[in-house]
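Q: Submitted below is the structure of interest, expressed as structure tokens.
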Amino acid sequence: MLIEHFNTSNQSIPTYERHESFVQDIGIPDCNMVMTLPPDERCAFVTDTEYCQDDIFILDYTYFFYCSIDTSKIFVFLFGELVLICGSFLLFLILGSTTDGFFCPCLKVLCDILGLNENVAGVTLLAFGNCAPDMITGLTGLASQTRIIYTDVLGSAMFVTFFVGGVIMSLVPFVIQPTTFLRDTCFLLFDVVFLHYCFSSDLSVSLAEAIGITSIYLFYIFTVVFDQYLSRKRIKEQLRRNTEFVSSIHLLLSQAEEEEQEELPPEEEEEDVTGELFRQLFYSLNPIDVTDWLESGRMGKTVMLMKAPVLVFLKAVIPVVDYEIDGNGWSKLLNCIQIVLLPLLLIYAIVESGTLVSGVLYGVAAFTTIPLAVYVFKHTTVNEVPKYHRFLAAYAGIGSMFMIYNCAAEIVSILGVLGITTHRSSSFLGCTLLAWGNSVGDLVANISLSRNGYEKMGFAACFGGPLFTSLFGIGIAMMYSAGTSPDYATDKMKVGVGAMGETLNTFMVIMLSLLICAGFFTNFICRRSMGLFMISSYLIFVIFSILMEFQVIHPFGSEHRFQPPPESIG
């Protein structure tokens, strides 16, 4: 996520001085301080401290851990952490089911409708789908006067680019175009350097810098789209010169096929229309595939049973548009229900109930979706997929993004509580646990697409997502703050960098430079060895961060002065 509600006051490395540009003393109580209090005072602290309430989305895990159970007892403390870990595992199952069954198929259909290639779709559609909810959260966080933490943004970018990208290469080796690879890596490298300059110079971002950050991403998107335009133009010219005769033959064959189809009598619906309608409905809601059930072992069947209630709910709410299954996922009655149900559920989840805005939105949604659902029900049949069914992919994309965002937000909340219980510094959490939680949506979506034959799209999103979050997200958030704060014109937006900000920047610059060299050495063939190199690089950074957190080594950007022992008197 773009905005995390942690500050840099709770640092666990007090034995040396830091450069002024990388340390900021914030006197606001941090939720991490709860572990320094006696057990009987922790519940009152988490309920009264504002920072402990910032990361609550659906459930309040902080209240559960410190108020609902007695964490003064070691066994109860471990039991509470086990419950949180099991909850995060369940959320991972929901996240994976949503991505595999709904988000990836609809993304393929949207790419087909918009005519996007894998690379452009990865850096635009997939990156936007993974990161747009984080940007919305960022705007909300700035409205509530929270702070942007440099380590959160850069830590998530490093995880997605090197770990997720490395996993994709390890699973599905592929050949990438040198121009697109160099374009994405160089833009990300420039992004890291420019953000480091903006953030570390005076711990603030001016309006001009915010506009510059946003402009870089817009220029990147323009470059991507213009590159696709030139590629299409070149391909069309080649096809026009070489395949004119083949195109004419294909046109004649298509016309003959259309004439044969027109001569065929229209199919008549079966007499038992109601029975067929409900049989299709129950078949579409079935959460367990019979073939997979028979071929799975005990563990696989257990996982299927755990996912079954979730899949029933997801299939009842989110349309399935998948060219690889029978009927492309068409279910007449179910799709008509989803046309009305999904917008109402989104309004209920996003807008505060009982307000004038919610009433207006409910009314608009009902008056637009109910007539549409009635029209679809009246002019379609059970056995024939309508031509406009593929446009439900937009519905499926919105519903999938909403579920992915909520699951990822809950995982972040759980990981935040687990980080607090271990009493780690906020900078360490920002570049490790919270970075993993923030990027879990990218991890599942990008890898799922790669396993389904869209490895170039998934790999491109490993660069497009961090660029969107760090450039467009931060720039829009800063510009939003400029428009809502009357003092912004004279007072720059203060940001927190964290104790590990310089370390993250240094690692990102080195690793991106080595990645560019590796691309030249392998002739831009994304082999498993290159994927293992990227994963190993990220693991080295994690080990480095752990050693810094436990004060075995010092972070970059710190000053160490040898202080001789005082001379003895006499």
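Q: Could you name every one of the helices (runs of 4 or more DSSP H) located completely within region 276-363 that has at least 1 residues being crowded, with 18+ Cβ neighbours inside 10 Å and within 28 Å of the chain's Cα centre (by Cα)? Before the answer, list the steps.
A: Working: elements: 290-295, 298-317, 332-350.
Because the criterion is at least 1 residues that are crowded, with 18+ Cβ neighbours inside 10 Å and within 28 Å of the chain's Cα centre (by Cα), the helices (runs of 4 or more DSSP H) in region 276-363 that meet it are 298-317, 332-350.
Q: With (1) at pLDDT below 90; (2) open to solvent by 60 Å² or more (accessible area, probe 1.4 Å); (3) within 29 Å of Val172 (Cα to Cα) as the list, and Phe533 as the residue in question, which single condition is left unmet?
A: With (1) at pLDDT below 90; (2) open to solvent by 60 Å² or more (accessible area, probe 1.4 Å); (3) within 29 Å of Val172 (Cα to Cα) applied to Phe533, the lone miss is (1).
Q: Could you tell me whether any residue of region 416-427 is more than 30 Å from Pro38 (Cβ to Cβ) and open to solvent by less than 30 Å² (accessible area, probe 1.4 Å)?
A: The answer is no, given that none of the residues of region 416-427 is more than 30 Å from Pro38 (Cβ to Cβ) and open to solvent by less than 30 Å² (accessible area, probe 1.4 Å).
Q: Assuming Ala316 fulfils every condition listed in (1) farther than 27 Å from Phe57 by Cβ; (2) out of contact with any Phe, Trp or Tyr (no Cβ under 9 Å at 6 or more places or on another chain) apart from one, which condition is it?
A: If we test Ala316 against (1) farther than 27 Å from Phe57 by Cβ; (2) out of contact with any Phe, Trp or Tyr (no Cβ under 9 Å at 6 or more places or on another chain), just (1) comes out false.
Q: Please count how many residues of region 166-187 are under 12 Å from Met530 (Cα atoms) and part of a loop (DSSP other than H, G, I, E, B).
A: Number satisfying all stated conditions: 2.
Q: Can you name the residue in region 168-223 that is among the acidic types (Asp, Glu) and open to solvent by 20 Å² or more (accessible area, probe 1.4 Å) and is also nearest to the chain's Cα centre (by Cα) among such residues?
A: Filtering first and then ranking leaves Glu209.
Q: Please count how many residues of region 428-461 are outside any helix (DSSP H, G or I) and over 23 Å from Asn32 (Cα atoms).
A: 3
Q: Considering only region 360-370, I want to know if a residue exists there that is of a type in the set (Ser, Thr, Tyr) and under 26 Å from Gly87 (Cα atoms).
A: Checked region 360-370: no residue is of a type in the set (Ser, Thr, Tyr) and under 26 Å from Gly87 (Cα atoms).
Q: Being within 23 Å of Phe45 (Cα to Cα), open to solvent by less than 10 Å² (accessible area, probe 1.4 Å), assigned to a helix (DSSP H, G or I) and in contact (Cβ under 8 Å) with a residue 40 or more places away in the chain: is that true of Leu107 here?
A: Working: within 23 Å of Phe45 (Cα to Cα): no; open to solvent by less than 10 Å² (accessible area, probe 1.4 Å): yes; assigned to a helix (DSSP H, G or I): yes; in contact (Cβ under 8 Å) with a residue 40 or more places away in the chain: yes.
When the stated conditions are applied, Leu107 does not pass them.
Q: Go through region 81-117 and give me each residue that's more than 18 Å from the chain's Cα centre (by Cα) and of a type in the set (Asp, Glu).
A: Once the filter is applied, which keeps residues that are more than 18 Å from the chain's Cα centre (by Cα) and of a type in the set (Asp, Glu), region 81-117 yields Glu81, Asp112.
Q: Hey, another quick one. Mind counting the residues in region 508-524 that are under 15 Å from Leu182 (Cα atoms) and surrounded by fewer than 13 Cβ atoms within 10 Å (Cβ to Cβ)?
A: Number of matching residues: 5.
Q: Just to verify a result, which residue in region 428-448, among those that are open to solvent by 10 Å² or more (accessible area, probe 1.4 Å) and in contact with a Leu (Cβ under 8 Å, 6 or more places away or on another chain), is farthest from Phe313 (Cα to Cα)?
A: For region 428-448, the residue satisfying everything is Leu433.
The values are calculated or read from the model by the stated rules, or taken from the named source; none is laboratory data. What you are looking at is a predicted structure, and each value in this text was computed from that prediction instead of being measured. When we count neighbours, we look across all protein chains shown, and the Cβ atoms used for this are built from the backbone with ideal geometry, even at glycine. Accessible surface is based on the protein model in full, side chains and every heavy atom, while ligands, DNA and RNA are left aside. Shrake-Rupley method; radii C 1.70, N 1.55, O 1.52, S 1.80 Å.
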